[in-house]
Amino acid sequence: MKRAYLGEFEELVLLTVAVLSANAYGVAITHEIIQQTGRSARLNQVHAALQRLEDKGMVTSKMGDPTAERGGRRKRLFSISAYGQQTLNDIQAVRNHMWSLLPNAN
Amino acid sequence: MAVSYDPKVRPPRWARALLRYYCAPHLLEEVQGDLDEEFYYQVQKAGARRARLDYIRNVMGFMKPFAIKRKPTATPSSPMNMNMYRHYLTVAMRNLARYKAFSAINITGLALGMTCCLFIFLWVQDEKRVDNFHTNGETLYNVYQTIYADGQVNADYSTSYRNREGRSRILIDGVRQAVPEIEHMSFYATGYELPWGHAETFQVGDKLYKLEGSRASEDFLTMFSYPVIAGNAKTALKDLSSIAISRKMAEMFFDTPEKAIGQSMRYENRLDLVVTAVFENVPAHSTLKFDFLLNWESHMTRLEWATGSMRTMVQLSKTADIQTVETKMNRFLQAQLDKKEPVKIQLGLQPYRDQYLVSNFVNGKPHGGRIEYVNIFTGVAIFILIIACINFMNLATARSVKRAKEVGVRKVVGSSRSSLIGQFLGEAIVLSFLALIVSLALVHLLLPAFNTFTGKQIVSPITSLSSWIILAALMLFTGFVAGSYPALYLSSLKPARILKGVMKFSNGALWFRKGLAVFQFVISIVLLIVTVVISRQTSYVQHTHLGYNRENLIYIRVEGELSKYDKYLAFKEQASHMPGVALVDRSSEAPHAMGFVVDVNDGQRETIDDSDAIKWEGKERGASMGFKPVSVGFDFLKIMNLQIAEGRDFSRDVSTDSADAFMVNEEAVKQMGMKDPIGKWVSAWNKKGHIIGVLKNYHTHSLHEPIKPLIVDVKEYEYFGVIIARTEPGKTREALASLEQVYKAINPNYPFDYQFLDQEYEKLYRNEAVVARLSNVFAVLAILISCLGLLGLVIFAAEQRTKEIGIRKVLGATVGNIVTLLSKDFVKLVAISFIIAAPVGGFLMQQWLDGFAYKIDLAWWIFVFAGGAALLVALFTVSFQAIAAALTNPVKSLRSE
């Protein structure tokens, strides 16, 4: 297969990372998904997905600054990699193409 | 996200701890941070309670491989690991080879412990197998009866019967029809085994043998797994004249089992029986021992009873509820009983396979018995193994001075604590593996001796898989227990300090090891006390004066022609004049183990009006005491060397003596409450007479029970009993030849069979003898193993104080001074152990002695002896090493600095 497989939830998380740009970390991503899609998401699912995405090289991460509400702990901030961006674009392109082939579209 | 942060509201502490525990360290910070942030967000949004629940849910949610999996460290890949393992093994082997004495002590100690353990394990296994081999074992039950009478509760396995309309009828004979849950039921007559019972005589053609056997109901061979090799198990015991015989018996009479079927056998020169089945020889694991079984109907109607003691066994349906069955059986029983009976009888069921281990009754319920020995010895096995493990710990820690540098270097080079622990545990397991090999060899060598020791026939179980699993478990267990402390201790050492050469033990560690030594000595001293008490009691039993002379006595059963009065008189007359025979007389029971007791509330008494067997002048109505009646010949007192307290002996010259004279013992006088017994009337069954003399008390049965009231009369015409012959000292062989010659002439249809009274007496205490011998061995072993441990401690102490000893010597200390210096501490340890062990041992032994009516006192010297012996052995061990340390040249120990 040409490109890495991306699960539906992984895709959603990857998109959210892209949307939140500089401020993408566990809690923020979870809340964003809940707000924007109305579906339920739990921290552990998001963490797991983020880890898989990082393994696949679609996101990169670095540790941020400590904050008080985190008990003085740092957050891991994620950003989308070029490869991740490319994958999202590919998916979008395929979808658009398919939609355009739909006979009774619009 | 701006969330106000309230430090008072916190996530549950345990959930946090759990997270910290399982979460991989490289993820912990972000995960904890996210969870906390989410928690405070939820506090704002939904309140503290909901937030906490949510937190817990999140913690649980993270329990996934991705969060748990540790980041792989760079170094260990698998070939590297293999190298390390090989290296560990090399180091272990080098250590073994370098410190040969240490290794030998270690392995010997562990091997001894394991050998003990294995032997006890084999014994316990064997004990548990007894009566537990029947295929229907799950559903087989023994019926026991509990009898309430005169405020006393007695229970046993016997079955009550009543004499009605001229025949004996078992009360619960018809219970099988009344209780549908009972699928099979069988009676079995006991009391045909020695010492109380006797072998019976069979004749086929000119083959004449005595064999022991019994009588059983039709169902017996189908209920129990005594495999039938010829004939039909279902019908074998159906006919009145049927007999089932063992393979051994079949081969004795008919060469092969197949040839035996349908053959006729002459029984006791009285009845002709037909062989209907041959069963495999009864295995050693069966408590019922028999070479033949006779038909039950025959037993109830026409056979001679040895005792009235019969057992009832039932096989229930798989789904039966024990309590329901018990209730139904009792309801059936009560309907059979006469309303006027003075006793209350109740039936109970005990799983058949428990009967061997749990055969005592307390308050009318089965409770205790051999199971206590099994438990005690299991405990001893575990203790001995623990002692051996403790030694290993002690020795290993003692040696840690030497190993410490190695640990330091390993740590500096980068070894983690866990791999050090692994290394030392591994070494312990290697050692315990070597010990296991040694102990297997020992077990193999000693098994025959062990078998004769315990009177068992245990075979080496090397072939079965389960025993290998147990051996492996034993090895791993020993390795882990023994290796745990050294591994934890050594791996905890701080490399900087070790490598600087400072090697100090915390007080805690020292106390711990001294505690271990005390523990070992407590066990050793307790075992010593046990050994001394048991062997003293055993020798007391063997040497106590029984009130009669049991040496040079032979007894022969009265049977066949000898049952006739004139033949008996002829035998007595002829035998007394033969060489080697001093005196011949008779008794209705073997005088060392009289089992017959009358007028005790055993449930056989019909009604209160029915006359008691024994009555006496001034007896109160309903008074009852357990009389032992015996009928003897005129020379009984002379032949037994019995002492008369008052009155006179039976005499042929007094014409009334054979019909009117009774003698009683002092106990009987006391219990009957007679002031002046001579001349008072007594009666036994239908014979009424007067007391002519009082016998001094003598033991008529085992010393477990107190002496019972005895009543003696003369009945030389009795058709049962034993003939007693006193031989002249040192002429036993001539006497036996003489007796056999006379016996063959008078009683040709019976083989000449005799017992030595003193040997039979000792057999009464076979169990005690086994326990005595076992505890001897274990005490020696425990002491040996404890001394190995002590040796470890003293070696360690000497090593720690090498410099001190050197300086002392330079300053002029003598060898004696230094030995005292090193030994002092250990004397203290032994003293503390003694203080703990003495009361424990005393208590245990008092319990054990309470099982005897006649027993030794727990004298103070027993304790002193045990303590002294332990102390001596300890001092010897300690001085061994202490002298070596004291003799070393101080130059050697001091030059290194």
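The values are calculated or read from the model by the stated rules, or taken from the named source; none is laboratory data. Since we're looking at a predicted model, the values are computed, not measured. No Cβ is skipped: glycine too gets one built from the backbone with ideal geometry, and neighbour counts run over all protein chains shown.
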(request) From the list B:664, B:694, pick out the single residue that is at pLDDT 85 or above and surrounded by fewer than 23 Cβ atoms within 10 Å (Cβ to Cβ). (result) B:694
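Does residue B:378 meet the test of being in the same structural domain as residue B:481 (by TED's automatic domain parsing), farther than 17 Å from residue B:153 by Cα and not aliphatic (A, V, I, L, M)?
Spelling it out, residue B:378 is indeed in the same structural domain as residue B:481 (by TED's automatic domain parsing), farther than 17 Å from residue B:153 by Cα and not aliphatic (A, V, I, L, M).
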(request) Go over the candidates B:424, B:392, B:361 one by one and state the one that is among the aromatic types (Phe, Trp, Tyr) and over 26 Å from residue B:117 (Cβ atoms). (result) B:361
(request) Say whether the condition of being among the acidic types (Asp, Glu), under 19 Å from residue B:316 (Cα atoms) and within 23 Å of the chain's Cα centre (by Cα) is met by at least one residue in region B:130-142. (result) yes
(request) Could you please find all residues in region B:9-27 being more than 9 Å from every other protein chain (Cβ to nearest Cβ) and within 20 Å of residue A:48 (Cβ to Cβ)? (result) B:15, B:18, B:19, B:20, B:21, B:22, B:23, B:24, B:25, B:26
(request) Mind listing whichever residues of region A:14-25 are within 14 Å of chain B (Cβ to nearest Cβ) and buried (at least 23 other Cβ atoms within 10 Å of the Cβ)? (result) A:24, A:25
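Do the conditions hold for residue B:858, that is, is it closer than 18 Å to residue B:792 by Cα and either aliphatic (A, V, I, L, M) or in a helix (DSSP H, G or I) (or both)? Full working, then the answer.
Working: closer than 18 Å to residue B:792 by Cα: no; either aliphatic (A, V, I, L, M) or in a helix (DSSP H, G or I) (or both): yes.
It is false that residue B:858 is closer than 18 Å to residue B:792 by Cα and either aliphatic (A, V, I, L, M) or in a helix (DSSP H, G or I) (or both).
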(message) Looking only at region B:97-151, how many residues end up being farther than 24 Å from residue B:370 by Cβ and outside any loop (DSSP other than H, G, I, E, B)?
(response) 19
(request) Identify the single condition in (1) at negative phi; (2) in contact (Cβ under 8 Å) with a residue 12 or more places away in the chain that residue B:721 does not satisfy, given that it satisfies every other one. (result) (1)
(message) Could you list, ordered by first residue, the pairs with Cβ atoms under 8 Å in which the first is in region B:49-65 and without any contact (Cβ under 8 Å) to a residue 24 or more places away in the chain and the second is of a type in the set (Phe, Trp, Tyr) and not in a loop (DSSP other than H, G, I, E, B), at least 6 apart or interchain?
(response) B:54/B:39
(message) Looking at B:165, B:212, B:268, B:258, can you tell me which residue is out of contact with any helix residue (DSSP H, G or I) (no Cβ under 8 Å at 6 or more places or on another chain), charged (D, E, K, R) and under 30 Å from residue B:701 (Cα atoms)?
(response) B:212
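Out of region B:661-673, which residues are within 16 Å of residue B:643 (Cα to Cα) and either of a type in the set (Phe, Trp, Tyr) or in a strand (DSSP E or B) (or both)?
B:662, B:663, B:664, B:665, listed by residue number.
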(request) Can you confirm whether region B:67-79 contains a residue that is modelled with pLDDT of 85 or more and either under 19 Å from residue A:26 (Cβ atoms) or outside any helix (DSSP H, G or I) (or both)? (result) no
(request) Tell me which residues, restricted to region A:32-61, are away from chain B (no Cβ under 11 Å), more than 16 Å from residue B:66 (Cα to Cα) and among the charged types (D, E, K, R). (result) A:39
(request) Taking the options B:738, B:655, name whichever one is in a loop (DSSP other than H, G, I, E, B) and of a type in the set (S, T, N, Q). (result) B:655
(request) List the number of the failed condition for residue B:835; all other conditions in (1) in contact (Cβ under 8 Å) with a residue 24 or more places away in the chain; (2) among the hydrophobic types (A, V, I, L, M, F, W, C); (3) part of a helix (DSSP H, G or I) hold. (result) (1)
(message) I'd like to verify a number: residues in region B:562-591 that are in a loop (DSSP other than H, G, I, E, B) and touching an Asp or Glu at 6+ places or on another chain (Cβ under 6 Å), how many?
(response) 3
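Run down B:63, B:84 and say which single residue is within 11 Å of chain A (Cβ to nearest Cβ) and at pLDDT below 85.
B:63
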(request) Kindly provide the set of residues from region A:69-105 that are in a loop (DSSP other than H, G, I, E, B), within 30 Å of residue B:29 (Cα to Cα) and more than 14 Å from every other protein chain (Cβ to nearest Cβ), ordered by number. (result) A:81
(message) Scan region B:248-268 and tell me whether some residue there is touching a Ser or Thr at 6+ places or on another chain (Cβ under 6 Å), in a strand (DSSP E or B), modelled with pLDDT under 90 and not β-branched (Val, Ile, Thr).
(response) no
(request) Just give me the residues in region B:230-260 being farther than 14 Å from residue B:293 by Cα, surrounded by 16 or more Cβ atoms within 10 Å (Cβ to Cβ) and not charged (D, E, K, R), in sequence order. (result) B:230, B:252, B:253, B:254, B:257, B:260
(message) Exactly one of these conditions fails for residue B:50: (1) facing another protein chain (nearest Cβ under 9 Å); (2) more than 60 Å from the chain's Cα centre (by Cα). Give me its number.
(response) (1)
(message) Would you confirm whether or not region B:162-185 contains a residue that is at pLDDT 80 or above, closer than 21 Å to residue B:752 by Cα and not hydrophobic (A, V, I, L, M, F, W, C)?
(response) no
(request) Go through the residues of region B:674-690 one by one and say whether even a single one is part of a loop (DSSP other than H, G, I, E, B), of a type in the set (S, T, N, Q) and surrounded by fewer than 20 Cβ atoms within 10 Å (Cβ to Cβ). (result) yes
